[in-house]
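The values are calculated or read from the model by the stated rules, or taken from the named source; none is laboratory data. Remember, it's a predicted structure, so these values are computed and weren't measured experimentally. No Cβ is skipped: glycine too gets one built from the backbone with ideal geometry, and neighbour counts run over all protein chains shown.
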């Protein structure tokens, strides 16, 4: 997940006298670069995940400092370091409150710190971690695409992951994600990574096959689900102009099974989009777990849409609900009363329309084989 606020503090607390004053909720924010800011105009260059440093030269009153923090939060910055002692000596309490409320890391270093040496040191660490992250993501993609070569990828990932431990994959997408240019997609990626809390060195985030991918390692399943559902909620609140969909895989042990995690996450994501739900977990979709893993799209069409074609065409032409009535009939084990209650229809109307359905399908729907066939067809329509 990149070089984080936590990483920076570990390195800088003793070396540069760095302290975290507020915003512990952003502890896991990753940093793409460090920029010196003495005027809010330079914030137009921020692309997300940038860390700002200021001596306070241009922000010597409370109002201008508050404006700076508000603008940094709005632009998705990773945090702010204030070089205290010359232009700013005390940090206002209300500013600390704003940072805590938004999970925005606010840090300080004393005036005696060699600021440019610190920036150079930290930028080099960011660059090296970025190179490592690229190697990690490529090895993970390799394990997904070529499971027969897992032993090779295990060796590459051993310094970073518990390769014999548990893995889960979460896939994220938006309606227009694949059509975005690289710059816009990178900006969205930075935003999303800021909304992930408490996922640092136990996970990797990258773009692959038209989706953003989160690979989580050795994180308990319930804890990961809580983190991801919180993440999706935050993304919805802060990216109101976009609809985010997420699909989560089963928890599986050993890197060898990463390709299975990926295919299950993809199936869950497909179900999320089809049912217009923000997040779907593969283990929670029942019989659909089997249906969503059918790789042959033509077979899915033949067993679903094509089999129900007479009813679909009739519904379209007459504005009727024969497909819904058939599904209710099958799901309620042939109970006319249950269909009547569920569809808010008179019992005689249900009987009349069921006779028409049987005629159109050329089936009495009496045999268990026919009922199963048409029940699966109805389920496939939802995919």
(request) Residue by residue through segment 6-23, note down the ones that are under 16 Å from residue 69 (Cβ atoms) and at pLDDT below 95. (result) 23
(request) Go through (1) surrounded by fewer than 16 Cβ atoms within 10 Å (Cβ to Cβ); (2) within 36 Å of the chain's Cα centre (by Cα) one by one and return the number of the condition residue 342 breaks. (result) (1)
(request) Give me the pairs, please: first residue somewhere in segment 193-209 and closer than 19 Å to residue 157 by Cβ, second residue anywhere and part of a loop (DSSP other than H, G, I, E, B) and modelled with pLDDT of 75 or more, beta-carbon distance under 7 Å, and either six or more positions apart or on two chains. (result) 199/28; 200/28; 202/218; 202/219
(message) Going residue by residue through segment 293-311, is there one that turns out to be more than 36 Å from the chain's Cα centre (by Cα), assigned to a helix (DSSP H, G or I), free of Cβ contacts under 8 Å to residues at least 24 places away in the same chain and over 30 Å from residue 264 (Cα atoms)?
(response) no
(request) Would you check if residue 132 is out of contact with any helix residue (DSSP H, G or I) (no Cβ under 9 Å at 6 or more places or on another chain), surrounded by fewer than 21 Cβ atoms within 10 Å (Cβ to Cβ) and in the same structural domain as residue 189 (by TED's automatic domain parsing)? (result) yes
(request) Would you check if residue 69 is surrounded by fewer than 20 Cβ atoms within 10 Å (Cβ to Cβ) and in a helix (DSSP H, G or I)? (result) no
(request) Look through 342, 369 and report the one residue that is touching a helix residue (DSSP H, G or I) at 6+ places or on another chain (Cβ under 6 Å) and either in a helix (DSSP H, G or I) or assigned by TED's automatic domain parsing to the domain that holds residue 247 (or both). (result) 342
(message) Quick check on my filter: what residues within segment 28-54 are surrounded by 19 or more Cβ atoms within 10 Å (Cβ to Cβ), part of a loop (DSSP other than H, G, I, E, B) and more than 28 Å from the chain's Cα centre (by Cα)?
(response) 37
(message) Looking only at segment 283-321, filter to residues that are farther than 16 Å from residue 380 by Cα and not assigned by TED's automatic domain parsing to the domain that holds residue 359; which one of those is surrounded by the most Cβ atoms within 10 Å (Cβ to Cβ)?
(response) 283
(request) Looking at (1) in contact with a helix residue (DSSP H, G or I) (Cβ under 6 Å, 6 or more places away or on another chain); (2) more than 28 Å from residue 8 (Cα to Cα), find the lone condition where residue 146 falls short. (result) (1)
